[in-house]
Structures are given as structure tokens and as C-alpha cells.
1. Would you kindly derive the ³J(HN,Hα) couplings of the stretch A:112-122 from the backbone phi angles with the Karplus curve 6.51 cos²θ - 1.76 cosθ + 1.60 (θ = phi - 60°), listing them in order in whole Hz, with x for Gly and Pro?
2. Go ahead and run the numbers for FRET between A:His579 and B:Gln306, Cβ-Cβ distance against an R0 of 60 Å, rounding to 0.05.
3. Going toward the positive end of the dipole of chain A, with +1 on Lys and Arg Cβ and -1 on Asp and Glu Cβ, which of A:Tyr163, A:Ile298, A:Ile141 do you reach last?
4. Using DSSP to define loop residues, name the GluC sites (Glu not before Pro) in the stretch A:335-411 whose beta-carbon has at most 15 other beta-carbon atoms within 10 Å.
5. Which aspartates and glutamates, on any chain, are close to B:Lys323 with Cα under 13 Å apart, when same-chain ones fewer than 8 places away are left out?
6. Check B:Gln388: other-chain or 5+ apart residues with amide H under 5 Å from its amide H, H built from backbone geometry?
7. Within 10 Å of each Cβ of B:156-168, how many other protein chain Cβ atoms are there on average?
8. Tabulate in residue order the Karplus-calculated ³J(HN,Hα) for the stretch A:158-169, using 6.51 cos²θ - 1.76 cosθ + 1.60 with θ = phi - 60°, rounded to whole Hz; enter x for Gly and Pro.
2 protein chains.
Amino acid sequence: MHQYWTLWQSWKTLDLLHQPNGADVLPKHVLSSHHEKFVTDQGSNKSPMVSSAWCFGSHHTNRICYFHNLCYLPHVDEFVFLHGNHSAYVGFPENRYDPTLMDMSSVKDHNTQYFNFMDADADKMQSVVDGAVIVQQTSLIFRRFHPDNLMHVLHDDLLPLFYTLSTLPFAESTRWNGLLPFNFQLVFMEGWDPGPFEDLYDMFSNVKPIYKSNMLSVDYPTCFRESYVGISKYTTWYQYGFVEPQGPIHDIRVTADDIHRFCRFLRMQLNVTEVPSDSERVIVLLSRRYNRLILNEIDLTFALAQNFHQKVVTVAMETHSLKDMVYLVSKSSILLGMHGSLFALAMFLPKGSTVVELFPYAINPAHYTPYKTLANLHGTDVNYLAWQNMDSTKTVTHPERSWDEGGIVHLSEEQQRRIMSSREVPLHLCCRDAEWLYRIYQDTVVDVDSIISLLKNSVNVQKSHSSSVDQNFVVESGFNSKRLSPSHVRNITCSSDTVVHGLPSLQLAWQPPANMRFINFVEVKYEVWIQEEGEDDYTAWMLTQYNYTFTAGIQLDTNYNVWIRCIVDDTVGPFNSNHVSCSTST
Amino acid sequence: MHQYWTLWQSWKTLDLLHQPNGADVLPKHVLSSHHEKFVTDQGSNKSPMVSSAWCFGSHHTNRICYFHNLCYLPHVDEFVFLHGNHSAYVGFPENRYDPTLMDMSSVKDHNTQYFNFMDADADKMQSVVDGAVIVQQTSLIFRRFHPDNLMHVLHDDLLPLFYTLSTLPFAESTRWNGLLPFNFQLVFMEGWDPGPFEDLYDMFSNVKPIYKSNMLSVDYPTCFRESYVGISKYTTWYQYGFVEPQGPIHDIRVTADDIHRFCRFLRMQLNVTEVPSDSERVIVLLSRRYNRLILNEIDLTFALAQNFHQKVVTVAMETHSLKDMVYLVSKSSILLGMHGSLFALAMFLPKGSTVVELFPYAINPAHYTPYKTLANLHGTDVNYLAWQNMDSTKTVTHPERSWDEGGIVHLSEEQQRRIMSSREVPLHLCCRDAEWLYRIYQDTVVDVDSIISLLKNSVNVQKSHSSSVDQNFVVESGFNSKRLSPSHVRNITCSSDTVVHGLPSLQLAWQPPANMRFINFVEVKYEVWIQEEGEDDYTAWMLTQYNYTFTAGIQLDTNYNVWIRCIVDDTVGPFNSNHVSCSTST
């Protein structure tokens, strides 16, 4: 045990590997905050610290846990749970290492994003946590996924963050009022720098976030009085191809309403509240400055202005603030450009507008649909169009660049030849497919005429000019997009009094579920299962009425078990939990 | 749809089937309470009511959900969730009807104990809930299992209730102070009357419980502002034989400490705080008055007094209050009697005491062990002894009684003969096995000498006289009985520099998990898996050191993947999440 004792005895005295900013970075950082509710309390609390935890969710991919007194130990880069007699430990899976307690980012089941903690006996740990910084404000601890790319920032971090914070339960002090930033301490555990979208992240809380580097740079633990760990995946619509080629997630739940609540919040934070009139609509061209260029961007701009009689604004990350971009997209009739993360701004588009996403040669638009999926989310009124360069003479490749900008000269000549002669990038996984990178970073001389005619042929472009403009940037579809389930059918009765055409029969009757008047649906059906007692197989019937006389296969002096469930549109309700027994008798 | 509209239109006007106590029972009941914190607010709240829910736990058998604005509709005997735009809906399983959202009692996966709610669109439901009674106090809604039997009351309801309330998170106002009754509105949904242990249930809350019959007896919904539904199974130790013959549950987690915290609370509520001295120890004989009698109870009493020189107190449900029984058991050296629910009081026994459970003829004690399991819970210092009547001449059967008191005359003569000649009740399921009931309700002339010698031969009886008596009735074992897990091993390194006896080798070294100093254990081992890259099988090694040089099966110029995990006593830690790659080279 010698090695190990040494490790632990060195805790309080030795310099650490990770100490980029010198000691006391966390307290300095924290105390420089303008927000008085953030209180640190280093070492002044002398009652023994014990952890508790309550976990929501049925699986590591949908779990969020709430902790009292969760501590982070910088020396070993682990969180620790202090088990004491009064520790609550509610809602945990049988084995929290199989494979993990939960995902720490909104990216599903990615093993670099797993969260767990180590166990400790509270008494044995007390001397270690006595020197800890205590974060008093309720915290949300998670990992940002890719904080330097706008699509990832919005889709993986900020939308999930907004939804998570909006739907956390409990203390009044942390409940969101719908307007101001959340009264939460955000804690980013992915280990990255604040990044280019720092301001955007900062809009979600009234205090500066804590970064992992802050906690790593000090030689004492950081303990969170109350914290939630994890982030909701409810709002995500796209997976990036880690286990199968990229595409929409299979069970999209987020709706246009959810997205627009987020956009409304962000506009308020950005102070983008001016309401443009219908006549102020503009065409926004998303421009890239370093790669994946539209080589004839100016021709395209002129053609758009000429054909649609609207101002065309060319925006780029390098020339426009996020606030400007959000403002311009919010009043645009058409949003177009080369495939890229700025298309995530399409969520700010007004009703009836059109997105045109351009793809370089050999890139099949059907295989890369994060923005198409966004534009087509349930309840959205945005028209999505894709255009692909099919002309190999209009593309400019860059084989000589580094691999991550699409270069291929590091590959064998055989491989280079194959890639250069291919006419479509085959389906592939993330993130280092050389052929994909080679093609996606091509520059293109786009076919202006075909893009204009694509737009003109789109009926929705016309529609966008005539459709009423939503005055508050908010699409309120007025339509509850949640699929509500019918409850169980009621009062199932059966009799076999009647002989129908000389045949024995079962007359079944029931009442509809008690919630039929309180859910929205178009069509209602009943599924009836009839099983002869003691047999395994059954006959199933689909009906639209509440009673029916069955004769097919019905025999005299036989007992039958009956189950019935209600189906509204595609939503299937539960069967009666105990079967109903029916007998035919002579 | 006619039938259905009629059903719903009748809601507010028709008399109801379930209206045993006339209208307005709930409000009367509620308003008669002395506790000012219970506020009802019928119809005065005019903002639209929307539900939210957060569920803890990974499976319907371990789930507890927290609701805002959950409503119960008496007319259809269903709970309803009002879905609105701002409904939070966190932690739900994919299909809450497969088979159910959760158990509503502490009895596991019993389909009569399932809880679910019906969906409703909040807007469509508003006119219905406008007339609802609103329960403002945070509520705990669950089903009692068998509220007229002391074992069931303690094991299925009150211990789980105590544990659940002690470990619920969140609002300060509902957090338990460790002393007074909980500031919770209890809601009993099993539909039974208060029952003979009403006072005991009432000790757990500062307001009177709401019974299902209260809510059924009025013609308007009851809505709970904040409620938890469900109850923890953490404290249960026994299953009653619904799916397999009765016995201890397979994964008992409750410890003596948990039980004693509950006992301490109950003693305080019962005002049993007197501390008996060692010299005041008594022998408690649990007596039954109507069935399963000890026919020579007086002989047994005399023999006990004579042999152990202690006062023998005969207690029975019919003659002693629960308070008296708890007091007497708390100071007893020996607790004995015929198998029955009063043995649940064994949880109040002091350290070093002895339980003797007597079983009638043909009842194998090994098959009925609720009290043996209790007495042997981890950390308990109570000696358990079972005695069975093996002499068929000393038993008195009652074949003529009704079936639920062990009568068998309703059975065929053949069946009666078989039962009467059997020498042991075979393993059986709950709850109507005729042979079991016939035998368990026998009266017995017990063999006093053999019981006395059983007791005298028990070393622990002697121990009980000499062991120090816990002065506060509390067994604090000082021993954290939770099994804490080692974390992952750290800094795994490998090299293959050394040739050992001319053979290639892999030298692996690692550091112990970071939490080793902070968990209790006796023995530590490391499990090492070595797999040749590209192969499916692997070799596994169990070691007690932190480094080892492997030569068996190690080949030159080969890549190996290595996983290592730590095992303390029987608790297995996680493997390193990414394998470590090692190469042997020439």
C-alpha cells in the first residue's frame, strides 16, 4: 500500500501537473463575479459533509442526477460521493459502472462523455473536504460538446441547456421566471477553453460559469452544495455518425414550439426585439471566408437581388456579430449558402421563409441533413431546398492541404486516385473520413441560373411573400404536438345469449377510455384480442365501434379471454390489465 | 361517440356508485384538521392548471415520481396529467404502459399495485379541474398493502414510508428534522378503511391522512399541488410468495442501522423513552387468543420464569397497547411465541437478546422466515431460534372451520385425507393454499422441556446476560454497512523490455483506485485481462500486487489489449474504460 499512501499524503503539499494559472484561480474567478448570490465558503463549515443523490430517468442515456454535496477532487480528476448514515441514494441503476451512471453531454452514449463518481466513506473523507471550496449556488454540471462550432453550440449545448434548466423541479429560488437568465451556476466539465461563443453561453446564467480548468488549477476540492449533473437530450434532432452514418435521430421529440421558445429567449438576451415589417424582408447569404467557398458569390448575390427584388445581405462569422446575424435571419425571406454550421441559425427564420443549402460536388445532400431536419421539424413553416453541384468542372479541390482541411497527399497514390475519381462520397462514420473531408472542403462555382430557378419553382417562395408575418418572431402553432395516449377501455362486458345464423357468438361491449374528450386525435380504433382459455394463440380484430358480435371461430361451451385497447391515430393505449373472461354455453 | 359524451356530461350531475359517506367528505375531513398548514382552496385558483412530473429510478419496481398538479378524478377512479406547453416531463420510461409506470406499494411488481395516470390536454381539462379541491401541502401518495396486520404494517408500509420521507429531496419546508412527524400529507390509495393501526400511521405526519374513500365520496376532482407517488423498497427484506414460495428477497439492502433509526423514531412518537436497566430485563411471551394457540402456555410461562429467573410477561394484541408492547420488547431478554405478525416487534429488541419462534406440526420453519431474516439482518445482534412441533399427538387441527382459518371440509375427501396425512406442507405460493392454512392454524401443546433446553444451549442467551446494554435502545454498530465500490485503477503502464528466462514478457504496473483510502475493506485484489489484438478470447489473472510480469502465452511482435479492475472483498470496481495497448517487440 506504500505507493498509494504516498499518493494521498502528497495531496496537500505537492505541485500539480494541471496548474496552468497558478493557485487560487477558482476563488479569484468566483469572487470577481458581480452576482452577490454566489457565495464561497472555504473551510468555514464544520459540520461533517455527507452526500445525497437522486437520479431521474431509466437509462444512462436519459438520466439526470441531483446531488447534495458532490465534490470534485482535482488531484485525481474525479467526483466523489461521501457516503454517510443520512445519505439519500435514490433512483440509481443496479450497477452504475455498466457501462456508466449517465452521459454528461447531450451526445448520446459516447464513452468519452460518461459521468461517474467514486465512493468514499464520509468520515474517512472529512479531512480532505474540510479544505474544499464550497459552491453554494445550485449548479448544473455537464460537458459542452464542441464549443467552437455554432451548430454544435446551439444543438448540443444551448438548446439542451435551456430545456434542462426550464424543466428542473423544486426550489423556488432556482425556478426560471421565463425572462431573465437562470439563477444557476453552470459548470463546464469538458475541459475546453471558454471558446468563441463564450458570450452566448454566459447569457444563460446570472453568474460566470466554472470551467474544469478553474477547478484543476487549485489544490483543494470543489464541493457543490446542490447540483444537477447531466443535460437533457429532449431537444436534439441529429446524431453525428459515431456509430452509424450521421442523420436525424430516430425518435425526434423536439417541436418547432420548443425551438421557438429558445429563440425567443436568445433574442431577448441579445436584445434583438425590433419587429421588422413584411416589406423589410431580406435575403441572407451565408458566406464562408476560408474554405468551401462559393467562387462566384457576387454573381449569385446580384441574381438573387434582381430576381426577388429584395436586398441581399452577405453575412459571415468574420464580419458579423451573432446579434447581427440573428437579427438578419429573423427578418429574412431566403437563407442560403454552402453547407455549414451557420445554417443552425435557420431556427430564427420567420414563418414562410425558405432555406437553400448548397453542397459541393460528390456530396449527396441526402446524407447530411442537420439543417433539413431542423427546417422540417414538426410545426415548422419553413421551406427547405438543397442544391448540389453535379458538374466536376465547376469544383476546385485542395489535395495539398492538411488532412483536416481535406488534403489527401498523405495517402497512397492508389487511394488518392480512387478518391479523386469517385463521383459520390460513400456513407461513412464520423470524423476522419478522408474522402468526405476532401469533398466537403471543395470550392464551387455555383450554377446561378439553376439555383434561381430552383427557388422560383418552389411554391413556398410565393407563399412566403403572401403569408402573414408573425409579429413576435414566435411561431405558436396552437397545436399541442405531444402525442397523448388513450387510457384503458372501460367496463368491458360480454355475453353469449344470441345465436347468430345458428352459430354461437360472443357479444362484446365496452366504453371508451376516460380521457377521450381530453386528448386530440383524428381517428379512433379498438383492437380486440380473443383467446380460447388455455391456448397460446389468439385472434385480433380492429374495430371502430364500441360493441361487436363475434361469431368467427367461436365455439359452444368454451371459455374465452378478452383484451381490448384503444388506438388514437398512431398512439396505442394499454390493454385492460386483467383479461375479461367470457363463456359460451348451450 | 354518443355513449361517451353522455358519460362525461353526467359527471357533475349524477350520483355516484362509490359514495359511502355522502357528499363533501373530503372537505369536512380536511377542514376538521387541527393543522393549519393544510389548506384547501376549492375553485379559487383561476390560472390554468398544468401538470409536470419528474421520475426517479430505472424501472417500474424502483421508481418514485414527483408531480406538480396531479389530479384524481373520482368518477373514473383515475389520476390525470394535464399536458401543457410548460409541462416538464422528465425521467419517464419509453412506454409507461409496459407494464406500468411504477409500483404504488412496497410490494414488488404486483399487478394490483400498479400506478399510472391518464393523459389529458390541459386546455381541454380546465373546466373539469376548475371545480377541484386543491391540496396545497406536499403529499406522498401510495397504497398500504395490508393495514390490519402488524408485520405488513411495519414491513410493507411504515418502514418504507419512514425511509422514503427521510430521503426525499428538495424543499426545506418538507425536509425532515429528524424528530417531529413529517410535514407531509399522506394519501392512502389502496381503498381500505383506516384499520386497527390508524394511530400508528398517523404518527408519521402532522396532518390526518387522506383516504381514497374521501376522494371517491365527492363529485369533484382532488388535485395535488406537489406530490410524490410511490414508496421506496429499500427497507424490505421479505416477499410473500406471489411468484415464488415466500422467503427473503434476493437483494436485501436494509441494515440494522436503518431499522433502528425507524425504531428510535417510533419510540419517540409512542413516548417510550424510559431506559430500562440491565436488571429489569423481562421475557416476553407473544400470546394469540383465537387461533394457533399454545395450549399449555401457562406451563411454558412457569418454566421460563423458573429457569431464567426473570419476569415473564405474556402480551397479546387484545390486552396490550402497541406502546406497551414496544416498551416490553425493548427491555426483553427473550421474545417467544407462536409464529405470527407480532414477531415484527423483534426489531425493537435490545442487543444480545434472543427470539424463539414456535411452529405448529408439519410447518417447516425454514420455509417461513420473515422474522428469522429480520433477526439476522446485517449488523443486528439478536439470536434467532426456531422450534417446531414434531409430535402429531400434540397438535389440534380444525378441519371444520372456514377455509381462511384452515378449514378443509369444503374439499373432496380424497384431498382432505391427503392433507391430514401429510407430514410437511410442501412449498407453495401465497395466499390460499389449503394445506398451509390447515397446518398454520393448528393449536399446539408445546414441549416445554425441549424449548427450555434449546434456549439454555444457545450460547447467546448467556451472552445476553453479560453484554453491555445499549442505553438508548439504539444499536449504532459504528460500521458503515454500505458496500462502497473501488473506483477505476489508475496510470496503467506496460513495457516489454525484459526477456524472462528467454521468453518475451509484458510488464504491467498500475496504481490503486483513488478512493482506496476512503472506503472500508478487508482484502483487495486486481483482475487483469490480457487479450491479443484482433482475438475474441482473453486470459484473466487475479493478483494482489500492483505490478506483474506476464510471460504465459506472451508472444513476440504482438499487440495486446489490457484491462484491469480492482475488487475489494466482494465488490467489483470498473475496468479502465479504454483498454491499454501493449506491444511486444524484438
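The values are calculated or read from the model by the stated rules, or taken from the named source; none is laboratory data. Computed from a predicted structure; not experimentally measured. Don't worry about glycine lacking a Cβ; one is built from the backbone with ideal geometry, like all the others, and counts go over all protein chains shown. These accessible areas exclude ligands, DNA and RNA; they are computed on the full protein's heavy atoms, side chains included. Shrake-Rupley method; radii C 1.70, N 1.55, O 1.52, S 1.80 Å.
1. Result, ordered by residue: 7, 10, 6, 10, 8, 9, 9, 7, 8, 6, 4 Hz.
2. Values: r = 61 Å, r/R0 = 1.01.
Efficiency, rounded to the nearest 0.05: 0.50.
3. A:Ile298
4. Details: sites: A:Glu357, A:Glu400, A:Glu405; in loops: A:Glu400.
In loop regions of the stretch A:335-411 (DSSP not H, G, I, E or B), the sparsely surrounded GluC sites (Glu not before Pro) are A:Glu400.
5. The qualifying aspartates and glutamates are B:Asp199, B:Glu274.
6. Sorted by chain and number, the residues that satisfy this are B:Phe359.
7. Across the residues of B:156-168, the mean count of other-chain Cβ atoms within 10 Å is 1.
8. 7, 4, x, 5, 4, 5, 4, 5, 5, 10, 6, x
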